[in-house]
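Trainee: Here you go, one structure.
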Amino acid sequence: MGLPRYPDDITQNAFLRDVDVILETLKTSEKGLDAHEVLLRQERCGKNVLQEAEKVSWMRLFLEKFTEPLIVLLIISAAISFAIGEVADAVGIAVAVSLVSILGFIQEYRSEKSVEALKRLAAHKCRVVREGRTLEVLAEELVPGDIVLLSTGDRVPADLRLIETVNLQIDESILTGESEASEKFTGTIEKEDTLIADRKNMAYMGTVVTNGNGKGVVIATGEMTELGKISQMIQKVEERRTPLQQKLDQLGKQLSVFGIAIVTVIFVLGAIQGMDFLELFMVAVSLAVAAIPEGLPIVVTITLALGVTRMAKRNAIVRKLPAVEALGATTVICTDKTGTLTRNEMTVRKIYTSEIIEVTGVGYDVEGDFLKDGQRIDPEKDRHLMKLLETGLLCNNSQLSEKGLIGQPTEGALLTAALKAGLEDKRGELERLEEMPFDSEKKWMAVRYRTAQGGQVFVKGATEQVLEMCARYFSEEGARSLSRKKREEILGAYSALASEALRVLALAYGDRLEDLVFLGLAGIMDPPRRGVREAIKKARQSGVKVVMITGDSKETAIAVAKSLDFFEEGSIALSGTDVDNHHLDELAGVVDRVSVFYRVSPEHKMKIVKAFRKKGHIPAMTGDGVNDAPALKIADIGVAMGRAGTDVAKEAAEMILVDDNFATIVAAIEEGKSIYNNIKNFLRFELTTSIAALSVIASSTLLRLPLPLNPIEILWINIIMDGPPAQSLGVEPLDADVMKKPPRDPKEPVVTRRMVLNVLSGALIMFLGTMGLFLWELRSGAPNPGFEKRAMTMAFTVFVLFQMFNALNCRSEEKSVFKLGFFTNRYVLLAIAGSMLMQLAVIYIPFLQFIFDTVALSARDLLLATAVASSVFLFDEVRKRVVPWS
């Protein structure tokens, strides 16, 4: 039909145009497009999907694993080893590099696939009119000019110009931040600068129909929608590296410089002493290998990957491995209220008739009781209560299904309360004559039915507005005149309920709107999620500040915060207006005292994140809407909602909560702290080994002694020994005390003063034990044949045994292995046993003896080596008990 790909005047200004003009411009009609035209437009306009950032191919993802500083240095070492004929060394290093790359690639690839799976679950269908017939198609198949049908519960599949509406209300909070649903009509709008929130004749992609039904013509799909435009902006926000990435980058560079410096010094000293060049070069290579903790990237990747696996079991999908660790540094959680702290299931908690009646039960579960003065009552015997509940049921458009609530949460609460009382839902049996939908001006809703008494109207709404429509009030003796005193009593009851952060609705009925009978009040609230109070307590005990961000009123927000025990004396609440009025420096100056931000739109979140970061915090920010995405992107940890979250928010976040539960965030922080401790424990183990090996080789070279460890033995120690035991440190069970410690200072280096002292003390014991035994064997064995080989085998074996005992030490930097529980990490014990078996094979199997240049040792030799090696374990156990800096 010659339709241009996207008529700019249509996509930009459809709300200014009459429906007939829109249909004519798009060359369509209310009967819809034919199949041939749909195919043509799909080819011209593409799929109705959000444009994603260019995906990194699996090959590029794999090759990127070779660009880390430690990996680059390992590749250089392998190349040098191969060049001088040390093929075994080169192969060993190549195996280590391959392990690192493959593990990192697999885990990152899997995490991205998890997100894709989540997005596939979110794929939805829509109803469309084509060639006069109503069809159900995938939303991604829509094209401009399609006629889309909307009904309650539908997610709007594209940007639409509405051409028919019946009590249509749409929740546009993901675009506008407005918590109230927008009422829609089909007329034109005259102002060109009308904001999205005020374009009442439009329906936008990603928004949700909360009431009524309608019909619209598609004017934009995919990246041309308002949702798509925001998605493109998000992709331009630069991603920040996590604290662990930054520290490991720094450590890799430091170790590289350290290794090069040591090699240079040995080269110079060796040349001055007249050492053989080839021998000198081999020593330099072995020293370089010893100086590089090649197990570090392997164990870091495995440890983080295990954290991802554990988090997946706890209802969180981590999109990027280092994000798990970064959670351990989090100092403040900025969390949404609805659906995260609370269930997002409105519940009637109290009812006022002539007295207060409490209602038990949570959410849309119809199990619950009615209580007066704490005593259970039979609601069916209370005619006043039943009439109020019946009115709430009849003046209602919501439905309960197996999938949950269809309709507005407030109406869902009234419906559930009626069903709890045993009322039958007879709305389908009664003839509905008229509905007057709620709007923000009149603040009430009314429905008229044909009943046995004739036409009767049922009303719910704001207390003051409904009271003005009432001339009488309900009593057991019959309707009575509504006196001033009774009005004051009702308003007093309203104030009492409102002070408890309940959303209060008044209910009334009658023959005419001008002469209603007042029934009472229903106090409704969104109850906290199970486990949230305990999770907040745990977070605060560990020094993590919890801040609520909500669009609700100040009173409601503070009441919920108090009920969850994180709004205390000295806490303050700031509104979105306050955020706007404060300069960033001023806001940063007060954020430590803020526990609640209320009447806040998604646009304010970015400024709040910046203020916390300016104050030195590491903030985690939750969000679900499109406008939340920039704040999720700049926060150190962006947390998107898996159920309520938009695809744009999920793409911007580091972590996705499958269950939208705040408690999962705290569990992630717990995992993050544990993972960071495990990584540090491994690092201590690795550095102790490297420094001890470096010292042994360097001192032997400088003293012109035979090398106690040859290059292949060093590689055996670094790859075989450090592999299983070190990796088992990465699966150390969660320490129950980890949440009793404050978040670590993000400026603190990975290698702290405490770690340096522990590493140096352990390395010194290993150096003295290995060299002492080596020298003793050299002196006592000379001039027997093969005495040097026997001395080297003893030195090699005792060094390996030192690592086994040190693996036990490094399970914790502070706690004795006996306090931790000797068998609580069975993987360490299995790794030690496996490593010992491999070491025995190297000593006793002839083929391996030839490769490693070893000889068989006696049982007495093994006992001696074990006794010497156990000294590092005994020393560390004493150190943990008595030395203050431990």
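Trainee: Taking a ≥ b ≥ c as the square roots of the eigenvalues of the Cα gyration tensor of segment 827-886, is the shape rounded (a/c under 1.5), prolate (a/b larger than b/c) or oblate?
Mentor: prolate
Trainee: How much accessible surface does E748 have with a 1.4 Å probe, in Å² rounded to 10?
Mentor: Using a 1.4 Å probe on the heavy atoms, I get roughly 70 Å².
Trainee: Of F787, F662, which has the most accessible area and how do the rest follow, probe 1.4 Å?
Mentor: The ranking, largest first, comes out as F787, F662.
Trainee: Could you compute how much accessible surface K191 exposes when probed at 1.4 Å, giving the result in Å² to the nearest 10?
Mentor: My reading of the accessible area for K191 is about 130 Å².
Trainee: A further question follows. Which parts of segment 605-619 would a label at D592 reach, counting a residue when its backbone N lies under 12 Å from a point 7 Å out along Cα-to-Cβ?
Mentor: 615-617, by backbone N distance to the label point.
Trainee: Another question, then. Suppose each label sits 7 Å from its Cα in the direction of the beta carbon; what would the T752-D425 distance come out to in nanometres?
Mentor: Once both label points are built, they end up 5.7 nm from each other.
Trainee: Starting from segment 441-496, pick out the GluC sites (Glu not before Pro) whose DSSP state is loop and whose Cβ has at most 13 other Cβ atoms within 10 Å.
Mentor: E441, E476, E477
Trainee: Starting from segment 132-192, pick out the GluC sites (Glu not before Pro) whose DSSP state is loop and whose Cβ has at most 10 other Cβ atoms within 10 Å.
Mentor: E190, E192
Trainee: Once you keep just the Cα pairs under 8 angstrom separated by 6 or more residues, what percentage relative contact order results for segment 379-422?
Mentor: Across segment 379-422, relative contact order equals 40 percent.
Trainee: Counting only protein heavy atoms and using a 1.4 Å probe, what share of the accessible area of segment 318-472 belongs to carbon plus sulfur, as a whole percent?
Mentor: That fraction is 44 percent.
Trainee: Return the loop-located trypsin sites (Lys or Arg not before Pro) in segment 747-778 (DSSP other than H, G, I, E, B) with at most 15 other Cβ atoms within 10 Å of their own Cβ; answer none if there are none.
Mentor: Loop-located and lightly packed - K747.
Trainee: While we're here: Mind giving me the nanometre distance, one decimal, between the label points for I845 and K554, set 7 Å out from Cα along Cα→Cβ?
Mentor: 7.6 nm
Trainee: Hey, another quick one. Using only the heavy atoms of the protein chains and a 1.4 Å probe, how would S173, S354 rank by accessible area, largest first?
Mentor: S354, S173
Trainee: Taking the full set of protein chains and a 1.4 angstrom probe, give the accessible area of D585 in square angstrom, rounded to the nearest 10.
Mentor: Accessible surface of D585 is approximately 80 Å².
The values are calculated or read from the model by the stated rules, or taken from the named source; none is laboratory data. Only a predicted model underlies this, so the values are computations on that prediction, with no experimental measurement involved. Neighbour counts are summed over all protein chains in view; Cβ atoms, including those assigned to glycine, are modelled from backbone coordinates with ideal geometry. What goes into the accessible areas is simple: the full protein's heavy atoms, side chains included, and nothing from ligands, DNA or RNA. Shrake-Rupley method; radii C 1.70, N 1.55, O 1.52, S 1.80 Å.
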